[in-house]
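Novice: Structure provided below as structure tokens; questions to follow.
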Amino acid sequence: MIRIRIHPLFLLTLFISGVTGKYLSMILVFLSVLLHELAHILTAFGFGYRATAVELFPFGGVARMDYSLFNDPRAEAVTALAGPVQSGVLALLAKAMQGWFGYLPVCGELLRINLGLAFFNLLPLFPLDGGRVLRAFLATARGYTVATRQAVRLTKYTVAVGIPFSFILVQKTPVPFYLPFLLVFLYMAARKENLFYAYWRQKDRKLQLLKEKGLLPARVWLIDAKRRPGEVLPFLLGKDYHLFLLRDRKGRIFGFFKEEELSSLSGENLSLSFYRLWRKRKGDPFFLSKKVDNP
């Protein structure tokens, strides 16, 4: 089941829109972004990949996909393009309805919102759809590690230069007032995405060192079993090997996960708690088989 997560700032924006009387525009933005992300999800399904969640932010949304999709350049490029194409089609439908029924405020707003979604997401900035297409193109010749690094670097430089100019544009042009904040979000999102590929670069190096030397420094982490894999993936960075001990609500340790087991998780498993993952893997000899309390 795909979960919809709404960022607190999105709720704040919705509240402000209601107070200022612009709730209709906000509702149409919500629906347009949701349809945009649904296009990504359905296209990924067509390639055999899954999505775990849709996150809605004040200025857009993100479909959380199976990580394995991002090692398939063709599938990633087509999936990324599906969102702007859907937004463009919806904008054309809104324009056609204006021709059939005359000017309607709803159609005018739908046209404006979806044209903005389509063209903005086609910018070659990561992790926008255009940035993902750029990375997929670069990955066919240079591999995903190099392609991600280059796409993130381009995004950071472009955004760093663009933020000062965005304040000038907001004051002197019809550009939306939230453009500077959107650029800051882009900078932060690009950095977060790059953490995942930074780990993949180091993972192979760690295993190679273990093979050559027969030993590797390790760090042991104690975590509540109610936590999810996405919450501990950032700890996998660094030169040390990582082990995660699972702790129930009474403080008892009942199992563990190895670093490579977490990195191989995909699809719906990414949204499960460690306790549920452990129950699914209960027959594995690496895990204890005694009954534990549900965290």
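Novice: Out of everything in region 243-287 that is at pLDDT below 75 and among the hydrophobic types (A, V, I, L, M, F, W, C), what residue ends up being nearest to residue 217 (Cα to Cα)?
Specialist: If we take residues in region 243-287 being at pLDDT below 75 and among the hydrophobic types (A, V, I, L, M, F, W, C), then 262 is nearest to residue 217 (Cα to Cα).
This table checks each residue for (1) closer than 25 Å to residue 55 by Cβ; (2) without any contact (Cβ under 8 Å) to a residue 40 or more places away in the chain; (3) in the same structural domain as residue 37 (by TED's automatic domain parsing).
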| residue | (1), (2), (3) |
| --- | --- |
| 104 | no, yes, yes |
| 111 | no, yes, yes |
| 132 | yes, no, no |
| 135 | yes, no, no |
| 149 | yes, no, no |
| 181 | yes, no, no |
| 187 | yes, yes, no |
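Novice: Right, residue 295: modelled with pLDDT under 85, in contact with a Lys or Arg (Cβ under 8 Å, 6 or more places away or on another chain) and assigned to a loop (DSSP other than H, G, I, E, B) or not?
Specialist: Yes: the conditions hold for residue 295.
Novice: Would you check which residues across region 42-68 are in a helix (DSSP H, G or I) and either surrounded by 20 or more Cβ atoms within 10 Å (Cβ to Cβ) or modelled with pLDDT under 75 (or both) and list them?
Specialist: Of everything in region 42-68, those that are in a helix (DSSP H, G or I) and either surrounded by 20 or more Cβ atoms within 10 Å (Cβ to Cβ) or modelled with pLDDT under 75 (or both) turn out to be 43, 44, 67, 68.
Novice: Which of the following residues is in a helix (DSSP H, G or I), out of contact with any strand residue (DSSP E or B) (no Cβ under 6 Å at 6 or more places or on another chain) and surrounded by fewer than 14 Cβ atoms within 10 Å (Cβ to Cβ): 99, 116, 130?
Specialist: 99
The values are calculated or read from the model by the stated rules, or taken from the named source; none is laboratory data. Just so it is clear, the model here is predicted, and its values are computed rather than measured. No Cβ is skipped: glycine too gets one built from the backbone with ideal geometry, and neighbour counts run over all protein chains shown.
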